[in-house]
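The values are calculated or read from the model by the stated rules, or taken from the named source; none is laboratory data. The structure presented is a predicted model; accordingly, all values stated were derived computationally and were not measured. Heads up, the Cβs are rebuilt from the backbone with ideal geometry, glycines too, and the neighbour counts pull from every protein chain shown. Side chains are part of the model used for accessible areas, which takes the heavy atoms of the whole protein and leaves out ligands, DNA and RNA. Shrake-Rupley method; radii C 1.70, N 1.55, O 1.52, S 1.80 Å.
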Amino acid sequence: MTQDLTRRRLLQVGAASASALALGRSAVPSWAQTSPIVKPLPPEWFIPLSTNAEMRWDTAAGLPYTIPNERFFVRNHTSTPIIDPRTYRLQVFGSGLRRPEGISLSLRDLQRLPSRTIFSAIECAGNGRSFFASQQGTPATGTQWKLGAIGVARWRGVPLRAVLEHAGVTRRAVDVMPEGLDAEVATNGHVRRPLPIGKALDDVLLAYEMNGAPLPPDHGAPVRVVVPGWIGIASIKWVGRIEVSDQPLFSAWNTTQYTLDGVPITQQVVKSAFELPFGAELQAGRRHVLTGRSWSGRAPIKRVEISTGGRYEPAQLHGPNLPNTWVRWRHVSKPRATGAVELRARATDWRGNTQPDTVAFNPNGYLFGAVVRHPVTIA
Ligand SMILES: Nc1nc2c(c(=O)[nH]1)N[C@H]1C(S)=C(S)[C@@H](COP(=O)(O)O)O[C@H]1N2
Ligand SMILES: [Mo]
């Protein structure tokens, strides 16, 4: 941590003195900023969690289908690096290429390849982790996210497939491992995680735009990987190297972390969230429009059911419902009895995956897909 911050300060001092020279005045001391995240994190939008920031669902009700860049959650293993897009290079190399020494591409090179635009969620494997403790009584280690370690954006970039073909990928390739340019994580080295060649050649994007703007620093500028439907760690930010191998590849992120029973986690599970504060007060006898979103990494959402204490009733889905993203819903409720109530939202996707009442514990608290009990008071 100390090392990251030192490195970060050095990068920023460099940038600040350059701009101070350009402007002919002294810049704000760059070392005053010690946050591992560059963008502002107003408390009404975010819950700070160490090097990460969770999106607050209770202030998300007015947001569009895609989460604006300034509101998107951030998950950093260390801290956001500032990378000069003019000197940025992407190295693609390895035994799975016709010429293993590979190729080096600039941002312009990538932007000259045919682009593609997709909608995709990024969701941390640990999203909902805190509910292992609060709902099931067994705390899991790791960042204690509620449900805000997810966002949906419109990404533009070049399909990884096009870059791999350009680099001369062969039929012997089995794994493709993108690696980040952010600081090394203790003894594990740079953040990196292999993708099986099948997924790498399918729908993976090397994105340089997020919601129509150049990728922001915190979300991987100048280029990040977007792996639709898979846990967030697959979507490597600040990608600088991609190894293409004819042998299986390993890193800490597919062996000691982000596995269940030793198997690397890939797809996300079904989840739902209300756009309402925990502990909200609803007035008895009044009509309330409960809103929220549900999502699954496996298929679009087919059905969402809401319980306000009694039996489940169908919610009304509205707006886009694209694969690998989410769907918005609303449900009108007129609570009568006063007192403490637990709201529940339970979604089912088109493959029949549904949210159970409880999920099996795992020590790192991955894939908490159980129905979240959302406490409110009827007054
Ligand atoms: N290089 C790099 N890539 C990374 C990470 C990181 O720390 N370094 N964090 C991963 C994790 S765990 C998640 S959940 C997503 C979060 O993406 P976001 O910060 O844009 O929301 O990025 C992934 N890619
Ligand atoms: Mo994550």
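For every other residue with a beta carbon closer than 13 angstrom to the beta carbon of Lys271, add +1 if it is Lys or Arg and -1 if Asp or Glu, then tell me the sum. Walk me through the numbers on the way to the answer.
Values: positive: Arg129, Lys146, Arg293, Arg298, Arg344, Arg346; negative: Glu123, Asp349.
Summing Lys and Arg as +1 and Asp and Glu as -1 gives +4.
Within the P(r) computed for the range 130-281, what percentage of the Cα pairs occupies the region above 20 Å?
Numbers: 6389 of 11476 pairs.
Distances greater than 20 Å cover 56 percent of the Cα pairs.
In the chain, carbon and sulfur make up what percent of the accessible area (probe 1.4 Å)? Could the numbers behind the result be given before it?
Numbers: 9080 of 16790 Å².
The value for the chain is 54 percent carbon and sulfur by accessible area.
So how much slack lies between Ala252 and Ser106, counting 0.36 nm per residue of separation and subtracting their Cα-Cα distance, in nm? Mind dumping the intermediate values first?
On the way: separation 146, 0.36 × 146 = 52.56 nm, distance 2.81 nm.
Extra length from Ala252 to Ser106 when fully extended: 49.8 nm.
Please give the peptides 40-53, 283-296 ranked by average Cβ packing (other Cβ atoms within 10 Å per residue), highest first, as a rough proxy for protection. Each step should come with its number before you reach the end.
Working: 40-53: 15.4, 283-296: 18.3.
Taking the mean over residues of other Cβ atoms within 10 Å, the ranking is 283-296, 40-53.
How much net charge surrounds Val304 when only other residues with a Cβ under 14 Å from its Cβ are counted (Lys, Arg +1; Asp, Glu -1)?
+4
Per residue, how much accessible area does the chain have with a 1.4 Å probe, in Å²? Walk me through the numbers before you get to the answer.
On the way: 16790 Å² over 379 residues.
I get 44 Å² per residue for the chain.
Report the net charge of residues surrounding Lys39, where surrounding means a beta-carbon distance below 12 angstrom and charges are Lys +1, Arg +1, Asp -1, Glu -1.
Values: positive: Arg71; negative: Glu70, Asp218.
With Lys, Arg at +1 and Asp, Glu at -1, the net is -1.
Pull up all non-local amide H partners of Arg56: gap of 5 or more, or a different chain, and H-to-H distance under 5 Å with H placed in the peptide plane.
Amide H neighbours of Arg56, under 5 Å, 5+ apart: Phe46, Ile47.
Need one number: convex hull volume per residue for the range 86-131, Cα atoms only, in Å³.
On the way: hull volume 7.9 nm³, N = 46.
Enclosed volume per residue, from the Cα hull, is 172 Å³.
Could you work out the equivalent-ellipsoid semi-axes for the range 35-157, taking the square root of 5 times each eigenvalue of the Cα gyration tensor, largest first, in whole Å?
33, 19, 15
Bin all alpha-carbon pair distances of the range 271-378 at 10 Å intervals from 0 and give each bin's fraction as a whole percent.
Distribution as computed: 15, 45, 30, 9, 0 percent.
Per the Cauchy relation, a quarter of the hull surface: what is the mean projected area of the convex hull of the alpha carbons in the chain, in nm²? If you can, show how the numbers build up before the last one.
Numbers: hull surface 81.2 nm².
Dividing the Cα hull surface by four gives the mean projection, 20.3 nm².
For the chain, modelled as a Gaussian network with Cα springs under 10 Å, which listed residue fluctuates most, Pro320, Pro159, Pro356?
Judging by the Gaussian network model, the answer is Pro320.
Out of the range 334-377, which trypsin sites (Lys or Arg not before Pro) are coil in DSSP terms and have no more than 13 other C-beta atoms within 10 Å? All intermediate terms of the calculation are to be shown ahead of the outcome.
Numbers: sites: Arg336, Arg344, Arg346, Arg351, Arg373; in loops: Arg336, Arg351, Arg373.
Filter output for the range 334-377: Arg336, Arg351.
Among the listed pairs Lys39/Lys199; Lys39/Lys146; Lys39/Lys302, which are separated by more than 28 Å between their Cα atoms? Mind showing how you got there, number by number?
Working: Lys39/Lys199 32 Å; Lys39/Lys146 21 Å; Lys39/Lys302 35 Å.
Pairs exceeding 28 Å: Lys39/Lys199; Lys39/Lys302.
For the range 359-371, just list the computed ³J(HN,Hα) in residue order, Karplus coefficients 6.51, -1.76 and 1.60, θ = phi - 60°, integers in Hz, with x standing in for Gly and Pro.
Calculated HN-Hα couplings, in order: 10, 5, 6, 9, x, 8, x, 7, 6, 6, x, 5, 4 Hz.
If amide H atoms are built 1.01 Å from N in the plane of the peptide, which residues on other chains or at least 5 residues away come under 5 Å of the amide H of Ala221?
Trp238
Which aspartates and glutamates does Lys334 reach when only Cα atoms under 19 Å apart count, and residues fewer than 8 places away in its own chain are ignored?
Straight-distance partners of Lys334: Glu275, Glu281, Glu305, Glu313, Glu342.
Note the angle between two axes, namely the Cα long axis of helix 2-23 and the longest principal axis of the Cα atoms of the chain, as a number of degrees from 0 to 90, rounded to the nearest 10.
70 degrees
Given the DSSP H assignment, sum -39500 (n - 2.57) over each helix run of at least 4 residues in the chain and divide by its residue total; what's the result at 222 nm in deg cm²/dmol, nearest 500? Present the calculation step by step, with values, prior to reporting the outcome.
Values: 5 runs with 44 residues, N = 379.
It comes out at -3000 deg cm²/dmol, rounded to the nearest 500.
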